[in-house]
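Student: One structure coming up, written as structure tokens, with questions to follow.
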Amino acid sequence: MRLLLIEDEIEMARALSVVLVQQHYVVDHMSTVEDAREAIKSRVHDAIILDRHLPDGDGLAFLREMRGAGNTTPVIVLTARNAPTDRVLGLNDGADDYLGKPFLTDELVARLRAIVRRSDHHESRTITEGNIVLDLEHKEARIGDTLINLPRREMLVLEMLMRRSGRTVLRRALEEAVYGYDDEIQSNALDSHVSRLRKKLADSGADVEIHSIRGLGYLFKAS
Ligand code: CA
């Protein structure tokens, strides 16, 4: 799942990113309203964490603008101001939830899960292809009762391939699903993730295949 984190306090953003990445989210971090505006145009996010006080504007004004343009991505607003009137303002402006600083990162993660679960973006919490069941909420892949142990990026690759089973998935689309804006992508990294994933699936007895489509990407098929 992909998150947009809009927060200008660099230390705070860095610490949050670390926790969110551990929770298997892909994080795009932006520090200004201007960059956030570009980010929502170029990528689809499952949820947005929005700081109120940004160097070039008020997070709530950005939220109103987004909602006005029909963007329904769930948003959780962060702010040092946590007076009840501020919360009401934020919720009226289209926030799905509101969290006052300082907060526990565990609470943020729990609230994020809740707003994503409530949103229309993820109506189904599991994907099944062949004998593989992918539990999107708990980030687990299983065959029967056996858990397939996959690190974050292999899990993201598997999710993308399963969502588009039977169709060629372009390398670029996979890279976008797996890496945040600021991540450096080595040219063969994606192939390494795919080949490790392929081996683990085969070793676990998965009845699926991941075909390489030369020059294009990959094709996932239940066999
Ligand atoms: Ca701020």
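Student: Could you give the size of the charge dipole of the chain about its Cα centre, using +1 on the Cβ of each K and R and -1 on the Cβ of each D and E, expressed in debye and rounded to the nearest 20?
Tutor: Charge dipole of the chain: 760 debye, to the nearest 20.
Student: Which one of His211, Pro102, Ile49 is farthest out on the positive end of the charge dipole of the chain, using unit charges on Cβ (Lys, Arg +1; Asp, Glu -1) and the Cα centre as origin?
Tutor: His211
Student: Separate question: Taking the simple approach of a point 7 Å from Cα along Cα-to-Cβ for both Val133 and Asn92, what is their distance in nm?
Tutor: Modelled inter-label distance: 4.6 nm.
Student: In region 47-69, whose amide N lies under 19 Å from the spot 7 Å out along Cα-to-Cβ of Ala114? List them in ranges.
Tutor: 47-51
Student: Just want to confirm a number: the relative contact order over region 2-119, from Cα pairs under 8 angstrom separated by 6+ residues, in percent.
Tutor: Over region 2-119, the number comes to 24 percent.
Student: Let me ask something else about it. Each residue of region 42-49 in order: what ³J(HN,Hα) in whole Hz does its phi give by Karplus 6.51 cos²θ - 1.76 cosθ + 1.60, θ = phi - 60°, with x for Gly and Pro?
Tutor: Going residue by residue, I get 9, 9, 9, 10, 7, 6, 10, 9 Hz, with x marking Gly and Pro.
Student: Rounded if a/c is under 1.5, else prolate if a/b is larger than b/c, else oblate: which is the chain, with a ≥ b ≥ c the root eigenvalues of its Cα gyration tensor?
Tutor: The shape class here is prolate.
Student: Quote to one decimal, in nm, the extra length available between Gln22 and His211 on full extension: 0.36 nm per residue of separation minus the C-alpha distance between them.
Tutor: Length gained between Gln22 and His211: 65.2 nm.
Student: To continue, here is another question. Treat each spin label as a single point 7 Å out from the Cα along the C-beta direction, and report the Arg172 to Ala15 distance in nm.
Tutor: Roughly 3.9 nm, to one decimal.
Student: Shifting gears a bit: About its Cα centre, how strong a charge dipole does region 2-119 have in debye, to the nearest 20, once Lys and Arg get +1 and Asp and Glu get -1 at the Cβ?
Tutor: 480
Student: If you don't mind, there's one more thing I want to ask. In what order do Ser165, Ser212 fall by count of nearby beta-carbon atoms within 10 Å, going from fewest to most?
Tutor: Lowest count first: Ser212, Ser165.
Student: Using the crude model of +1 on Lys and Arg Cβ and -1 on Asp and Glu Cβ, and no other charge, please compute the dipole size for region 126-222 relative to its Cα centre, in debye to 20.
Tutor: That gives a dipole near 360 debye.
Student: Moving to a separate point now. Could you derive backbone 3J(HN,Hα) for region 201-209 from the dihedral phi with the Karplus parameters 6.51, -1.76 and 1.60 (θ = phi - 60°), listing whole Hz in sequence and x where the residue is Gly or Pro?
Tutor: Calculated HN-Hα couplings, in order: 5, 4, 4, 8, x, 5, 9, 10, 10 Hz.
Every number in this text was worked out from the coordinates using simple rules, so none of it is lab data. All of these numbers come straight from a predicted model, not from anything done at the bench. Cβ: placed from backbone, ideal geometry, glycine included. Neighbour counts: every protein chain shown.
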